[in-house]
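Each reported figure results from applying straightforward, stated rules to the coordinates on display, with no laboratory input. Just so it is clear, the structure is predicted and the values come from calculations on it, not from any experiment. Here the Cβ is made from the backbone with ideal geometry for all residues, glycine too, and neighbour counts use every protein chain on show.
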Amino acid sequence: MRPIFNLMTMKDHGNLKTGNPRVVLSVTNDVYADHRVHKMARTLHESGFDVLILGKRSKQAVSNPDYARIKRISVIFKKRILFYAEFNIRLFFYLLVCRADIFTANDLDTLPASALAAIFRRKKLVYDSHEYFTQSPEILHKPFVIMLWSRLERICIRYIDQGITVSPSIAREYQSIYNKGFIVVRNVPERNRFIPTIDLPDFMQHSRIILYQGSLNLGRGLEMAIDSMQYLEDCILVIIGSGDIEKELKTQVDRLDLGRKVFFTGRVNYLVLPAYTKKALMGLSVEEALGKNYEYALPNKLFDYMHANVPAIITNLPEMRAIVEKYKVGKILVNNDARELARLISDMMADQQLLDTLKQNCKKASDELCWEKESELVKKIYINL
């Protein structure tokens, strides 16, 4: 498969003057797989804005799409607090001089630089919180880190002109803590997204694929999903993504001798991901209730499964449960246990009528839960700033 993106240099490709107002979207990732940011950029471009996406330089190749310019910032430090500090310093100085009318901080880790630049330059500021950052499982056991980010958020949020987030529960939490209204823009796919014809790995031809797609981080239920494969036959588990615990998960697969039943693809670009998703028999979104970030989560993979007509298995968390119960697009795992998960998968595989019904429900729900509808909120937010 030919690369979709070509490597960018640090040369500023973001100063193309179109005469339209400029929105700058800032992220700490390398932009390669951030589907939400690309959807936001496309929507803003269609609304008449010139869009610049600022991210982190990595070895992964990227290039400019037709709806935005991408600039990636080089950093020395790669992880933890030194990375965030360095990135925000470099981001701030770039935001001071780039052409811009509206700054958008995607998540808390770009908000300090964006807020400071907006204050200095008297520009509009949008805070698009994709998660409840200060309640992430990775920092729950780090009270100093939580305190630091919480204070930064409390200070910076005073200066935002509009807050956006991904689930009603997170919006209510922000309202309670900061007395600041946030508009919910769910991270749902486009209704008629393009599914490319590509060469998939051989294991993707299996007729019974149990799929996980997303970050490979603590609290995603991935250890349980791998364990469950010990008790299942005639199916495989495909894990798409990368993250902090990828090495540990692969070690677990080797230790349990599940190399023929569990497969890792690494990161897959958002443009080709639907080609993988549609191959699955069912999809997993089995996060653990480790902090309010996961408790209140409404993961984009749940909607990705839905748009691929793939029934989901979810854990019993309020936002995901509300979607699955309302639209009847999957089943709920009551207890986070590998044997229970295996039993639920086995029961669903044995009931073809149930699977067919769930698939039909996915198809109906995807007409309502789609980016074409959510994007109308985005257009109103930015046009009215």
Worksheet item: Top mean-square fluctuation among ASP128, ASP107, ASP347, Gaussian network model of the chain, C-alpha springs under 10 Å?
Response: ASP347
Fill in: Distance from region 190-269 to region 101-133 (C-alpha centre basis), Å
34
Worksheet item: Around VAL184, which amide H atoms from residues at least 5 apart in sequence, or from another chain, sit under 5 Å from its own amide H, with H modelled in the peptide plane?
Response: THR165
Worksheet item: Which one of TYR132, TYR294, TYR231 has the biggest mean-square fluctuation once the chain is modelled by GNM with Cα springs under 10 Å?
Response: TYR231
Fill in: Top of GLY19, GLY330, GLY219 by mean-square fluctuation, Gaussian network on the chain, Cα under 10 Å
GLY19
Worksheet, complete the sentence: Phi angles of region 370-385, converted by Karplus (6.51 cos²θ - 1.76 cosθ + 1.60, θ = phi - 60°) into ³J(HN,Hα) in whole Hz with x for Gly and Pro, give 9, 5, 4, 7, 5, 5, 4, 5, 4, 4, 5, 4, 6, 5, 8, 5
Worksheet item: Tell me, what does the Kirkwood hydrodynamic radius of region 202-368 come to in angstroms if you use every pair of distinct C-alpha atoms?
Response: 15.7
Fill in: Kirkwood Rh and Cα Rg combined as Rg/Rh, the chain
0.96
Worksheet, complete the sentence: LYS278 and GLN230 label points (each 7 Å along its Cα→Cβ direction) are spaced in nm at 3.7
Worksheet item: Is there a pair in LYS292/LYS364; LYS326/LYS380; LYS56/LYS292; LYS39/LYS380 whose C-alpha atoms are over 19 Å apart, and which pairs would that be?
Response: LYS292/LYS364; LYS326/LYS380; LYS56/LYS292
Worksheet item: Once amide H atoms are placed 1.01 Å from N in the peptide plane, what residues at a sequence separation of 5 or more from ILE313, or on another chain, have their amide H within under 5 Å of its amide H?
Response: GLY283, LEU284, SER285, LYS331
Worksheet item: Using alpha-carbon pairs under 8 Å, 6+ residues apart, how would you state the relative contact order of region 202-368 in percent?
Response: 23
Practice prompt. Mind jotting down the three principal axis lengths of region 108-246 based on Cα atoms? Whole angstrom, largest first.
Written response: 58, 39, 24
